Amino acid sequence: MRSSNPVFSRRGFSRDNGYAGFNTAPQAGAAAVGTQGSPYAQPQGNPYATNPYAQQGLQQGAPPQTPVTTGRMTMDDVVLRTGTTLGILIVTAALAWTLLPVDDANIGRSYGIGIGAALIGMVLALVQSFKRKATPALIVSYAAFEGVFLGVVSSVVDHRIASGAAMQAVIGTLAVFAAVLVAYKAGWIRVNRRFYGFVMAAALGFMLLMVVNLLFAAFGGGDGLGFRSGGLGILFGIIGVLLGACFLALDFKQVEDGIAYGAPKEEAWLAAFGLTLTLVWIYMEFLRLIAILNSSD
C-alpha cells in the first residue's frame, strides 16, 4: 500500500524541503555552514533541512556547529522515538494477527479492516509529510493503523501462501537495516549529490511502473503487466528491497546531519517517522518476494 512507500509519502516532497523534512525555519545557535557559496544549499540557510549532499562545509573538513543550548536532538532521542513508533506498530500488528482471523469464513472482513487501516495510515502519513513540524500524534497514529494493515497482510501470507513468511520478512528487514548501517558507518556508502539523484530517479521510475501495472490490472484483469508475479515480480521485488536500503542510507545521513547541526529535539519524531516508513517498505517488499517465490513452486 502507499503508506508503506517511502517515495509516495516521503516528507521530502514538502514544498520547503530537499529530502529531509526537518523544520526549515532557521534555529537559534545553528550555524549556516555550507550555505555561502554552496550551489545546493536552500535559501533558508538551514543545513540540516537541505538535501543530504548539501554539506559543503563538512566535505571541506569544517567542524559542525556544536549545540550550545538545551533542547537539541540527540541520538538517544532518535532511538527512543523510533523504538516507540516501531513498538506501537508491532503491538497493533500482533493484535490484528490475533484478533482478525483469515480463515475462509473471516478473511473478507479481516482484509477489509486491514485495507481500511492502510488507507487511514496513508492519509495520516501524507498529512505529516506536508507539515513543517513533527506532530507526534499523527506519527503514532500512522504507526498504529499501519500495524493493523501489516498484521492482516502478514497473517494472510503466512497462513494461506507461505508458512513462516512473516518471520522471514522480519529477519530480512533486520538484516538489510544492519548491513546498511554497517556500510554507512564504515564509509562504504557515500551519500552525496549523485547518490541522492540516482535514488530519487530510480524510486520515481519504480513508482511509475507500479502505478501503470496497477492500472492495467484494474482495467485489464489479472496481474497487469506482470510486475508482481513470476520472474518480473521477483526482479522488481529485489529492486524494491535495494531501493529501501538506499532510503535507509539517506535516513542515516539525515539523522547524522540533524544531530551535528543541532536540530531541535522534536525533530527526532521526523527521523522516527522516516525510518518507520522505510522499514515498512522493505518489510512489504520481502513479504511480496516470499509470496511470489512460494506461489511459483
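Coordinate-derived values only; no laboratory data. Computed from a prediction, not measured in an experiment: that's the story for all the values here. Here the Cβ positions follow ideal geometry from the backbone for every residue, glycine too, while neighbour counts run over all protein chains shown.
Values computed for the structure shown
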quantity: FRET efficiency, 1/(1 + (r/R0)^6) with R0 30 Å, evaluated for Arg193 and Phe130 via beta carbons; calculated: 0.75
quantity: Gyration tensor (alpha-carbon) shape descriptor, the range 121-211, a/c threshold 1.5; calculated: oblate
quantity: Globularity index of the range 79-172, i.e. its alpha-carbon radius of gyration over 2.2 N^0.38 Å; calculated: 1.14
quantity: Phe216 paired with Val91, simple spin-label distance in nm, labels 7 Å along Cα-to-beta-carbon; calculated: 4.4 nm
quantity: Net +/- balance of residues flanking Val176 in space, Cβ distance below 13 Å, scoring K and R +1, D and E -1; calculated: -2
quantity: Counted charge near Ser154, where neighbours are those whose Cβ lies closer than 14 Å (Asp, Glu -1; Lys, Arg +1); calculated: -1
quantity: The range 151-198: projected area of the alpha-carbon convex hull, averaged over directions, in nm²; calculated: 4.7 nm²
quantity: Residue-wise HN-Hα coupling along the range 238-246, computed from phi with Karplus coefficients 6.51, -1.76, 1.60 (Hz; x: Gly, Pro); calculated: 5, 4, x, 5, 5, 5, x, 4, 5
quantity: From phi via Karplus (6.51, -1.76, 1.60), per-residue ³J(HN,Hα) for the range 95-105 in Hz, x at Gly/Pro; calculated: 5, 5, 4, 7, 9, 10, x, 10, 6, 4, 7
quantity: R0 of 45 Å, Cβ-Cβ distance Arg109-Lys185: FRET efficiency to nearest 0.05; calculated: 0.50
quantity: Förster radius 41 Å - calculated FRET efficiency between Ala178 and Leu209 (Cβ-Cβ, nearest 0.05); calculated: 0.90
